[in-house]
Amino acid sequence: MSWHMNAVFYELYVRAFADGNADGHGDFIGLRQKLDYLQWLGIDCIWLLPIFPSPLKDDGYDVASYLGIHPDYGLLEDFMMTVDEIHRRDMRILVELIPNHTSDQHPWFVEARRSRQSPMRDFYVWSDSPEKYKDARIIFIDTEQSNWAYDAVSGQYYWHRFFSSQPDLNYDNPAVQRAMQDVMQFWLELGVDGFRVDAVPYLFERDGTNCENLPETHDYLKRLRAFMDEHYPGTIMLSEANQWPKDTLPYFGDGDEVHMNFHFPLMPRLYMALARQDRRDVVDVLAQTPQLPPNCQWATFLRNHDELTLEMVTEDDRQFMWETYAPEPAQRINLGIRRRLAPLMNNDRRKIALMHSMLLTLPGAPVLYYGDEIGMGDDVSLPDRNGVRTPMQWDDGLNAGFSTAPTGKLYAPMIADPVFGYQKVNVAAQQADPNSLLHTVRHLIHSRKQQAALVQGALEWLDDLPPQALCFWRKGDGQHFLALHNLSDTPLTIELPAPSATLTDALNPEAKVTQSLTLPPYGYRWLSQQA
Ligand code: NOJ
């Protein structure tokens, strides 16, 4: 079985993690100093947000060069040393592949827009009229009015699915297809274990379609996959297709396209289930989730660097989510919520742990977002999604141990409010306290690894229980695992569906397992049974 099937992933923003050269920005020197922490936590694979030269209008998703490192982070040698250090600790690393668009500062675009005769013109998508492809939705609805932007330099419109400063590449041009494969090869040669592939549904455009999930896109991704399999076996693609399960399935092909894709529709339903004290939204979406081809896996998550997206819920559910989890307008952006996990849970330790327990036991390989393991807060006074990208809180000292630069030089302010501020919420304090959230999350991660059924085991719900019981078996690989979750604020008593004598507590082997179990409000239990 390939490593990605049961890896625990950790998404990390280099700028936010640790500053090793005291300039106020995180970098690879800093990251290397924190690798022992990630290993201790039980992380198998680190996913780095964009590390490339960029004007940072979209925090690096606006790439100005695919073949380098942003100077704030260090040199390419720094990156290579970091890869070695990650591998030395038996961890793996994914970097971003951002195939859909570049920055308007990328030399390809600078050259392409110079004139209509430019040899690079065809690297991008141009039109005399902004009416073309009008069935394609606008993704950043808060900031963009159109997917076309007028280029006064060359007198035509160029196509962009995200910010207008991010022109889309033209995948009908074979030279673009080759160039992106070369980018992939460049990073694979440097030893990365794969890519989180950004915004895959939008690579091609066709009139009369919504310009998403087109067959041409799948063909191209399959070619990238074949290239990886042939030359770099064991490396993976984790794609970002924010789509319904049925539209996501084709991205796995017959096991010959991407290895993993995020399960976007599951994520908001975990929050809905908790708020409604009712498992049904989660049960329904997993019932609609198709079986994947062999060696393919869902990547599941609670939060990430973007807004908590509500694209994959109904209008009613979106209103419910906004009213429940983002009552202030400043907490909303586009079709989502720009808050972190702990504030979303009202900083209720029980709920934060319960969400992690669901994440770590439901189907899929879990992806944690840096800082959520200690319950970091957010800052909605910062623009865009920056409020969930603030410096990691290592200790209660100067700049939370993130940087020794003068505080005014930090790339973003520390979270310093009385509830979530670094004086209170930090790694050092939680490492020293065996009852902290950090220790709970770490224990869940390490315990998960003992449970073979959690890798690919079939999901079987305990249907007869009341709605607030989110309880299920995972069965497979010679093992049965029983997860019990109480979504409600009152105790819940459950009669076990198997003789208690056959079950062991997987989180606390000493704990007695009785036939009738009472979960406290927002409580959970993990039980394992030899099959
Ligand atoms: C998806 C990334 O997750 C997001 O942060 C970015 O803004 C868009 N792609 C556009 O690049």
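The values are calculated or read from the model by the stated rules, or taken from the named source; none is laboratory data. Quick caveat: nothing in here was measured; it's all calculated off a predicted structure. Neighbour counts run over all protein chains shown; Cβ positions are idealised from the backbone, glycine included. Just the protein is used for accessible areas: all its heavy atoms, side chains included, with ligands, DNA and RNA removed. Shrake-Rupley method; radii C 1.70, N 1.55, O 1.52, S 1.80 Å.
Odds and ends about this structure:
- Peptides ranked, highest mean first, by Cβ atoms within 10 Å: ranges 247-254, 128-135, 26-33: 26-33, 247-254, 128-135
- Prolate/oblate/rounded label for the range 458-530 (Cα gyration tensor, a/c 1.5): oblate
- Shape analysis of the range 107-159 yields a ratio of the Cα radius of gyration to the Kirkwood radius, Rg/Rh, of 1.00.
- In this structure the range 458-530 gives 44 Å² per residue of accessible area when probed at 1.4 Å with all protein chains present.
- Shape of the range 119-273, Cα gyration tensor, a/c cut at 1.5: oblate
- On full extension, the segment bounded by Ala330 and Gln145 gains 64.6 nm, given 0.36 nm per residue less the C-alpha separation.
- Rounded FRET efficiency, nearest 0.05, which uses the C-beta distance separating Trp40 from Ala416 and R0 of 35 Å: 0.85
- Taking every alpha-carbon pair under 8 Å whose residues sit at least 6 apart, the chain reaches a relative contact order of 12 percent.
- The distance between label points at Glu230 and Met81 comes to 3.6 nm (points 7 Å beyond Cα on the Cα→Cβ vector).
- Overall, the accessible surface of the chain at a probe of 1.4 angstrom is composed of carbon and sulfur to the extent of 50 percent.
- The protection proxy used here, the mean number of other Cβ atoms lying within 10 Å of each residue, ranks peptides 162-168, 503-509 as follows, highest first: 162-168, 503-509.
- Accessible area per residue, Å², the range 107-159 with all protein chains present, probe 1.4 Å: 55 Å²
- FRET efficiency estimate (nearest 0.05) - Cβ-Cβ, Ala432 to Thr504, R0 30 angstrom: 0.50
- Alpha-carbon centroid distance for the pair the range 120-192 / the range 72-87, whole angstrom: 30 Å
- Once the chain from Ser115 to Asp90 is taken as fully extended at 0.36 nm per residue, the excess over their C-alpha distance is 4.0 nm.
- Fraction of antiparallel bridges per DSSP, the chain only, in percent to nearest 5: 60 percent
- Where labels lie 7 Å past Cα in the beta-carbon direction, separation of Glu460 and Thr514 in nm: 2.6 nm
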